[in-house]
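The values are calculated or read from the model by the stated rules, or taken from the named source; none is laboratory data. Note that the coordinates shown come from a computational prediction; the quantities given were computed from them, not determined experimentally. So basically every Cβ, Gly included, is an ideal-geometry build from the backbone, and we count neighbours across all protein chains shown.
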Amino acid sequence: MATEKFEDLAISKDLLRAIQDIGFEEMTPIQAQAIPPILEGKDIIGQAQTGTGKTLAFGLPILESIQPKIKKLQAIVLCPTRELAIQVAEEMKRVLKFKKDVVILAVYGGQPIDRQIRVLKSGAHIMIGTPGRTIDHINRGTLKLDSVKTVVLDEADEMLNMGFIDDVEIILQKTPKERQTLLFSATMPRPILDLTRRYQRNPELIKVVHKQLTVPNVEQYYLEVKEGIKLDVLCRLIDLYGLKSSLIFCNMKRRVDEVVMHLEARGYPALGLHGDMTQQQRNHAMDKFKRNASEILVATDVAARGIDVENIEAVFNYDIPQDEEYYVHRIGRTARAGKNGLAFTFVVGRELYKLRDIEAYASIKIPRRSIPTLIDVEEVKTTTLLDKVRAIIDKGNTERYVQIVESLLKEDYATLDIAAALLKMAMDDEGGGQEYPQLKEFQEDYRQKEDRFHDRRKHKQKTSRTFTGKKRY
């Protein structure tokens, strides 16, 4: 049976502490199945999609195996694109928070080669690079592979599709034969299988298959946001839809606590649910949420297992999930018992690529939704309030309040002004006047960028018309 908890792995305290500090609670399927055999020194073939936690699956064992005092290259990771190389380097560096003596270098085209040469000469332990720039360093004599113990081929099928497979073979031939070779690929075409036969020794095949997708009756949207305005966007969506039961997912335990604290400070009743809480605390939180004593539950994926509440109106992916399957589990918490539900995913910068992976896995197109404006929220609140007013008028029994209004009429106040003042009071009580300063700044910045783009396009069209007409003298 595969290990599920990071603390059960044979890794150093510094790495485990970093993992816990980042907030990872439990390994993804590819991590649980791949890390133990990699730590044992075995070659593996890992078949899994992008976004399943592959980087940590090979990155954690590599970091554990590095001997910092030996100032030589000990591991290389080959990636098909510069973007992936940067992403892998950044994620591995996060795990080195308490282990500062390991040097990681990302090597790719488009960056000055002199800087890369300096770091290589000073003694990088791990190199993460694209095949083209790696070959360039080999030819220059600035990259020595004779001390490499581990080679990783990440997204091997993409390297094949991009025509890098010959370069990959050249690099593998330059490394010691007594090395550990780890290959990860979403698909296994024949050229990749041929590669494994030539360059791996009795590899262990690890295949992670996703479960069947079922997400009926869920309206799904994504919103492009900056990290600093997530909370404002969340509050505005809750207000816009008048949500009374929402489930918010975060990737880390610390984030759960932060979101709960900020929501409560803004007057939104919220509870947290994560792995650091005792079972009694978790049961108490779930009980309150089920009884509608709290409108919002903020949780990590692991802590949210077993949640079966029929009246959840919306799910928010405050952090985009690490695994496509997690996305399915999350949004499946709403639209229970034949009801309809909403799912909103917040996407920051390059996370848009992760969203595309989710769409490919789920065979769906998740539409983009604009961030609602303050006017949008106020219009919805006004409509809801007027519906309540109509219901009260139709029901009757308002004589006592008519007398209060008549007393104001005697003071020469107009009926319309009295009604408007009462409406304003009710709207303010509902939070309709909330300003969301960070969100306002973000939207203004976005509008200015759009205006500049349209101005440039108009200028370009005007210039084009000028020079394609009659010859000017």
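Could you list all residues from segment 32-72 that are assigned to a loop (DSSP other than H, G, I, E, B) and under 15 Å from Asp101 (Cβ atoms)? Write out each step before concluding.
If we filter segment 32-72 for residues that are assigned to a loop (DSSP other than H, G, I, E, B), which is where we start, we get 40-43, 48-53, 66-72.
Passing the criteria: Ile66, Gln67, Pro68, Lys69, Ile70, Lys71, Lys72.
Closer than 18 Å to Asp43 by Cβ and in the same structural domain as Gln47 (by TED's automatic domain parsing): which single residue out of Glu158, Glu178 fits that description?
Details: Glu158 fails: closer than 18 Å to Asp43 by Cβ.
Testing whether each residue is closer than 18 Å to Asp43 by Cβ and in the same structural domain as Gln47 (by TED's automatic domain parsing) leaves just Glu178.
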Filter segment 44-73 down to the residues that are more than 24 Å from the chain's Cα centre (by Cα) and polar (S, T, N, Q), then identify the one that is farthest from Phe24 (Cα to Cα). Gln67
When you scan segment 2-23, do you find a residue that is in the same structural domain as Leu195 (by TED's automatic domain parsing), acidic (Asp, Glu) and surrounded by 19 or more Cβ atoms within 10 Å (Cβ to Cβ), even just one? no
Residues in segment 235-254 that are under 15 Å from the mean Cα position of the chain (by Cα) and either crowded, with 22+ Cβ neighbours inside 10 Å or basic (Lys, Arg) (or both) total 4
Looking only at segment 317-335, how many residues end up being at pLDDT 85 or above and either within 16 Å of Asn217 (Cα to Cα) or not assigned by TED's automatic domain parsing to the domain that holds Glu258 (or both)? 4
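Yes or no, residue by residue, for (1) modelled with pLDDT of 70 or more; (2) in contact with a Leu (Cβ under 8 Å, 6 or more places away or on another chain):
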| position | (1), (2) |
| --- | --- |
| Asp376 | yes, yes |
| Thr398 | yes, no |
| Ile404 | yes, no |
| Gln434 | no, yes |
| Gln448 | no, no |
So if I check each of Val148, Val168, Val102, Val107, which one is under 26 Å from Lys207 (Cα atoms) and touching a strand residue (DSSP E or B) at 6+ places or on another chain (Cβ under 8 Å)? Val168
For Lys388, indicate whether it is under 35 Å from the mean Cα position of the chain (by Cα), without any contact (Cβ under 8 Å) to a residue 24 or more places away in the chain and not assigned by TED's automatic domain parsing to the domain that holds Thr52. no
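Answer yes or no: is there a residue in segment 271-279 that is more than 16 Å from the chain's Cα centre (by Cα), farther than 30 Å from Glu7 by Cβ and among the charged types (D, E, K, R). Walk me through it before giving the result.
Step one: list which residues in segment 271-279 are more than 16 Å from the chain's Cα centre (by Cα), which gives 271-279.
Adding the requirement that they be farther than 30 Å from Glu7 by Cβ leaves none.
Scanning segment 271-279, I find no residue that is more than 16 Å from the chain's Cα centre (by Cα), farther than 30 Å from Glu7 by Cβ and among the charged types (D, E, K, R), so the answer is no.
Which members of segment 24-66 meet the condition of being of a type in the set (D, E, K, R) and surrounded by 21 or more Cβ atoms within 10 Å (Cβ to Cβ)?
Residue satisfying the conditions is Lys54 alone.
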Please state which one of Val88, Val103 is without any contact (Cβ under 8 Å) to a residue 24 or more places away in the chain, among the aliphatic types (A, V, I, L, M) and surrounded by 15 or more Cβ atoms within 10 Å (Cβ to Cβ). Val103
Could you check segment 272-326 and list, in sequence order, the residues that are of a type in the set (S, T, N, Q), within 24 Å of Ile366 (Cα to Cα) and in contact with a Ser or Thr (Cβ under 9 Å, 6 or more places away or on another chain)? Asn311, Asn317, Gln322
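From Tyr401, Tyr353, grab the single residue that is outside any loop (DSSP other than H, G, I, E, B) and within 24 Å of Phe24 (Cα to Cα). Give the derivation first.
Values: Tyr401 fails: within 24 Å of Phe24 (Cα to Cα).
Answer to the check: Tyr353.
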Flag for Gly163 being in the same structural domain as Lys71 (by TED's automatic domain parsing) and part of a loop (DSSP other than H, G, I, E, B): yes
Restricting to segment 369-385, what's the tally of residues that are touching a strand residue (DSSP E or B) at 6+ places or on another chain (Cβ under 9 Å) and of a type in the set (Ser, Thr, Tyr)? 1
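Using the structure shown, decide if Val148 is in a strand (DSSP E or B), over 11 Å from Ala85 (Cβ atoms), touching a residue at least 40 places away in the same chain (Cβ under 8 Å) and of a type in the set (A, V, I, L, M, F, W, C). Quick ask: steps written out before the conclusion?
Working: in a strand (DSSP E or B): no; over 11 Å from Ala85 (Cβ atoms): yes; touching a residue at least 40 places away in the same chain (Cβ under 8 Å): yes; of a type in the set (A, V, I, L, M, F, W, C): yes.
Against the criterion (in a strand (DSSP E or B), over 11 Å from Ala85 (Cβ atoms), touching a residue at least 40 places away in the same chain (Cβ under 8 Å) and of a type in the set (A, V, I, L, M, F, W, C)), Val148 does not qualify.
Of the residues that make up segment 310-326, is at least one at positive phi and either surrounded by 15 or more Cβ atoms within 10 Å (Cβ to Cβ) or out of contact with any Cys (no Cβ under 9 Å at 6 or more places or on another chain) (or both)?
No, that holds for no residue.
Can you name the strands (runs of 3 or more DSSP E) wholly within segment 179-285 that have at least 2 residues being touching a residue at least 60 places away in the same chain (Cβ under 8 Å)? Give the derivation first.
On the way: elements: 180-185, 204-207, 218-224, 246-249, 270-273.
Correct list: 180-185, 204-207, 218-224, 246-249.
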Taking first residues from segment 67-79 that are touching a residue at least 60 places away in the same chain (Cβ under 8 Å) and not assigned by TED's automatic domain parsing to the domain that holds Leu145 and second residues anywhere that are of a type in the set (D, E, K, R) and not in a loop (DSSP other than H, G, I, E, B), the pairs with Cβ under 7 Å that are 6 or more apart or on different chains are none
Is it the case that segment 118-125 has a residue that's within 22 Å of Ala34 (Cβ to Cβ), modelled with pLDDT of 95 or more, part of a loop (DSSP other than H, G, I, E, B) and not hydroxyl-bearing (Ser, Thr, Tyr)? yes
Identify, please: which residue in segment 86-105 is of a type in the set (D, E, K, R) and either outside any loop (DSSP other than H, G, I, E, B) or not assigned by TED's automatic domain parsing to the domain that holds Ile70 (or both) and is, among those, nearest to the chain's Cα centre (by Cα)? Glu91
For segment 324-350, how many residues meet the condition of being outside any helix (DSSP H, G or I) and either within 12 Å of Phe249 (Cβ to Cβ) or without any contact (Cβ under 8 Å) to a residue 60 or more places away in the chain (or both)? 10
